[in-house]
Amino acid sequence: MSMIETLSDEKNSFLSRREITCDFKGLGGKLKKLEAIEMITKEFKLDGKIVIPMKLENYTGQPKITGTFYIYDDEKLAREHVNPVIFERLEKAKKAGEEKKDENDAKPAEADAPAEKADAKPAEADAPAEKADAKPAEKGEDK
């Protein structure tokens, strides 16, 4: 049983694109656009084509997401038909994904450094407690 259920798969000859609407079962609130693109590309064997996620709709109380995707053969044609903001958001998401991968690769090398910083923090934590003890006595005790 596939996680992807195709609701509609239409060829829009006027705009020279394929429009796919499908449900992703069991992924409510967990699916990102880039992951959805990869899943659609594998499911429908769309290697070499431009897949643009137009809408991913979540449902309250249901673990499914309905997605609408446009598939173009030519990137130039896609940029003419689709709002440029959508392409900017996709590029931004790709850059963020690459940065997270780079950070994950760098974390094992920096594993020793946080341990040293952890030793310094308890000494700093004791200092505010000492300052609290050094406060002058309350007004009622002075009289």
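Using label points projected 7 Å from each Cα along Cα→Cβ, tell me how many nm separate T68 and E43, to one decimal.
That separation, rounded to one decimal, is 1.6 nm.
Rounded, prolate or oblate: which fits region 4-106 when a ≥ b ≥ c are the square roots of the eigenvalues of the alpha-carbon gyration tensor, with rounded for a/c under 1.5 and prolate only if a/b beats b/c?
In terms of gyration-tensor shape, oblate.
Let's see if you can work this out: charge +1 on each Lys and Arg Cβ, -1 on each Asp and Glu Cβ, no other charges. What is the dipole magnitude of region 4-106 about its Cα centre, in debye to the nearest 20?
180
Select from V51, A93, V82 the residue farthest towards the positive end of the dipole of region 38-101; place +1 on Cβ of Lys and Arg, -1 on Cβ of Asp and Glu, and compute about the Cα centre.
A93
Please give the length that would be gained between D105 and M3 if that part of the chain were fully extended, namely 0.36 nm times their separation in residues minus their C-alpha to C-alpha distance (nm, one decimal).
33.7 nm
Checking the table K11/K92; K45/K76; K55/K92; K42/K100; K33/K100 against a 27 Å threshold on Cα-Cα, which pairs fail?
K11/K92
Sequence gap at least 6, Cα distance under 8 Å: using those rules, report the relative contact order of region 4-106 to the nearest whole percent.
About 25 percent, as a whole number.
So what are the ³J(HN,Hα) numbers for region 12-28, from phi and the Karplus equation (6.51, -1.76, 1.60; θ = phi - 60°), rounded to whole Hz, Gly and Pro as x?
With coefficients 6.51, -1.76 and 1.60, one gets 9, 5, 5, 9, 6, 8, 10, 10, 10, 10, 8, 9, 9, 8, x, 10, x Hz.
Label points 7 Å out from Cα along the Cβ direction at N12 and A93: separation in nm?
Computed distance between label sites N12 and A93 equals 1.8 nm.
Read the figures in this text as sums done on the coordinates, not as results from a lab. This is a predicted model, so every value here is computed, not measured. In this analysis, Cβ positions are derived from the backbone assuming ideal geometry, glycine residues included, and neighbour counts consider all displayed protein chains.
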